[in-house]
1. Sorted by packing (mean other beta-carbon atoms within 10 Å per residue), highest first, where do 136-149, 69-82 land?
2. Taking neighbour Cβ counts within 10 Å as the exposure measure, how do TYR65, TYR10 sort from fewest upward?
3. Taking R0 as 30 Å, what's the FRET efficiency between ASN66 and ALA216 from their Cβ-Cβ distance, rounded to 0.05?
4. Which entries in LYS202/LYS225; LYS67/LYS207; LYS80/LYS201 show an alpha-carbon gap greater than 26 Å?
5. Note down the nm distance, to one decimal, between modelled labels 7 Å out along Cα→Cβ at ASP279 and at ALA92.
6. DSSP loop (so not H, G, I, E, B), at most 14 other Cβ within 10 Å: list which GluC sites (Glu not before Pro) in the range 94-194 pass both filters.
7. Compute the normalised compactness of the range 128-168: alpha-carbon radius of gyration over 2.2 N^0.38 Å, N being the residue count.
8. Out of the range 228-286, which GluC sites (Glu not before Pro) are coil in DSSP terms and have no more than 13 other C-beta atoms within 10 Å?
Amino acid sequence: MNLNGGYKTYSHAVCDQSNFDTFEHVSITSREEIMEIPPFNPENSNEFVVDACGLQCPGPILKLYNKVKEIETGDVVTVKATDFGFTSDVAAWASRTGNKLLSVGSDNGVITAKIQKGLEKKKDESKAVISQDKTMVIFSGDLDKALAGFIIANGAASMGHQVTMFFTFWGLNILRKDDPPKVKKTLIEKMFGFMMPRGSKKLTLSKMHMAGMGTAMIKGIMKKKNVNSLEELIQSALDNGVRIQACQMSMDLMGIQRDELIDGIETVGVATFIDASDDSNATIFI
């Protein structure tokens, strides 16, 4: 008995395919061979424990990243976390950074992952190397958008990517000092400075600000849930090598001077950002 459509399906399955030779000259190598990660041997490896319980993203990954930088190849780190997103994050992080995820599991709400530090990938000089750098344009001065930007930046930095953040127009307010030194300004520049939020602590939500109640509530929830404050995320980004750049043209337009901005940032023109963008594989606009 021949079912309707049965012969057509059969003929497609047995006929010659147009792409039969696609993988003819490709050798597939296991990930362990590429990474050259030594086999896990508890007797020859030092073990370390990182307690990231209570921390929210990107806290657990950042703690793991900083610990792995301190240990030797072949050593093992056991991380405990309560952020459920860490289960998928740790697998992606290990895959991208050349480390080996030995195990991951959850018990009573605590996620435990074991990671063995591996060697860096060997670059194949015969193949074009695709950059993993990231660039970000921070145009908004809203608290929620600033948090999103710095969470992404810290996460990318923890995976070994070079991150460049270019702050322009309203985004410059994120970088203003809470108590800047007195600088000479024109009347218009003083008016701009008065009307704009001074520093990260003065930012408001883009939605549901509710005359300050919504912003206060979200900050209270962040503290209760152990989510890093924006100030902590900014400092973490600087500590992890994120390049924070302020647009000089926007500073001139808005009457913001270099002494009014936090330490550790660069004042640049657009060509400097474009140069970094050309060397990256993704540009994010916030």
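1. 136-149, 69-82
2. Values: TYR65 20, TYR10 11.
Ranked by crowding around the Cβ, least crowded first: TYR10, TYR65.
3. 0.45
4. LYS67/LYS207; LYS80/LYS201
5. My value for the distance between the label points is 2.5 nm.
6. On the way: sites: GLU120, GLU125, GLU189; in loops: GLU120, GLU125.
Passing sites in the range 94-194 are GLU120, GLU125.
7. On the way: Rg = 11.3 Å, N = 41, 2.2 N^0.38 = 9.0 Å.
In units of the globular-protein estimate, the range 128-168 measures up at 1.26.
8. Qualifying residues, ordered by number: none.
Values quoted throughout were computed directly from the atomic coordinates according to the rules given, and no laboratory measurement underlies them. Note that the structure is a prediction, hence the values are computed from the model and not measured. Heads up, the Cβs are rebuilt from the backbone with ideal geometry, glycines too, and the neighbour counts pull from every protein chain shown.
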